[in-house]
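Colleague: I have a structure I would like to understand better, so I am pasting it below and will then ask my questions one at a time.
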Amino acid sequence: MTGSLVVVGTGPGRAELMTPATAAAVARATDLVGYGPYLDRIPATRPDQCRHASDNRVELDRARHALSLAAAGRHVAVVSGGDPGVFAMAAAVFEAVEAGDPVWRTLDIRVEPGVTAMLAAAAEVGAPLGGDFCAISLSDNLKAWTTIERRLAAAAEADFVIALYNPASKARPHQLGDALELLRSKKKAETPVLFIRAAGTTDTKVVATTLGVADASVADMRTLVIIGASTTRQVGRWIYTPRGEREVS
């Protein structure tokens, strides 16, 4: 097999937040495969490079296409936003490998990490992920809403800081509101809540509020929502979660 496939993450938006390793992998590729807006973030570097853009809801088809190109001898970069291993294309590629042509298992496949949304969002406000935290996607395209509710309840009971991905879309306008209502039954009303939109870009907007009054309509699909733990606190304009359970004097 002479082809290869690398799954890369372009980071949250600003060019300087793309890692050098990702930039090098993209530059080496003969083919770039990805969701159109993510491909648009990457400037043209060589005239012989082919771009294969697709819609956002065809991850497995995109992965199969990339694997077929690699099996044919191409050097393919599958492009994700953020980190490709967090609710993104790396898992789709390996899912396609598992169910697809046995030849794909012999391919040279690598994953280059990127800066995922929750890390870019946390950096905008301080260190809200400084203690134990978890990440939950509110999209029920690939899993049942009852599964999401069960995981939200468990994370709240365990007092994790919770980073919510995919909080709202035109097809799912009510789910963040439902999630906040569930969390209000498990956490105190004064729990910090952060809505960070377009983190890591020049268009970043932060809304800091509390669980008791948090308004779900603030969020869209470019928003990362962080729900604090019982220990999360504010110091001046910064919000952070201590690393341990001891009170900070």
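The values are calculated or read from the model by the stated rules, or taken from the named source; none is laboratory data. Predicted, not measured: the structure shown is a model, and the values here were computed from it. All Cβ positions, glycine included, derive from the backbone under ideal geometry; neighbour counts span all protein chains shown. What goes into the accessible areas is simple: the full protein's heavy atoms, side chains included, and nothing from ligands, DNA or RNA. Shrake-Rupley method; radii C 1.70, N 1.55, O 1.52, S 1.80 Å.
Yes/no matrix, rows are residues, columns are (1) within 26 Å of Val115 (Cβ to Cβ); (2) in contact (Cβ under 8 Å) with a residue 24 or more places away in the chain; (3) buried (at least 20 other Cβ atoms within 10 Å of the Cβ); (4) of a type in the set (Lys, Arg):
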residue	(1), (2), (3), (4)
Leu164	yes, yes, yes, no
Lys188	no, yes, no, yes
Ala208	yes, yes, no, no
Val225	yes, yes, yes, no
Gly228	yes, yes, yes, no
Gly236	yes, no, no, no
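Colleague: Among the numbered conditions (1) touching a Ser or Thr at 6+ places or on another chain (Cβ under 8 Å); (2) open to solvent by less than 20 Å² (accessible area, probe 1.4 Å); (3) in a loop (DSSP other than H, G, I, E, B); (4) not aromatic (Phe, Trp, Tyr), tell me where Val193 comes up short.
Modeller: That leaves (3) as the condition not met.
Colleague: In this structure, does Tyr240 turn out to be within 21 Å of Ala120 (Cβ to Cβ), open to solvent by 40 Å² or more (accessible area, probe 1.4 Å), in contact (Cβ under 8 Å) with a residue 60 or more places away in the chain and of a type outside the set (A, V, I, L, M)?
Modeller: Answer is yes for this residue.
Colleague: Could you please find all residues in the range 118-128 being assigned to a helix (DSSP H, G or I) and open to solvent by 30 Å² or more (accessible area, probe 1.4 Å)?
Modeller: Answer for the range 118-128, where residues must be assigned to a helix (DSSP H, G or I) and open to solvent by 30 Å² or more (accessible area, probe 1.4 Å): Leu119, Ala123, Glu124.
Colleague: I'd like the full set of residues that are over 16 Å from the mean Cα position of the chain (by Cα) and modelled with pLDDT of 95 or more, limited to the range 125-143.
Modeller: Val125, Gly126, Ala127, Pro128, Gly130, Gly131, Asp132
Colleague: Only one residue in Val111, Val97, Val115, Val103 is part of a loop (DSSP other than H, G, I, E, B) and either within 19 Å of Glu59 (Cβ to Cβ) or hydrophobic (A, V, I, L, M, F, W, C) (or both). Which one?
Modeller: Val115
Colleague: Out of Gly73, Gly131, which single residue is at positive phi, open to solvent by less than 30 Å² (accessible area, probe 1.4 Å) and outside any strand (DSSP E or B)?
Modeller: Only one candidate qualifies: Gly73.
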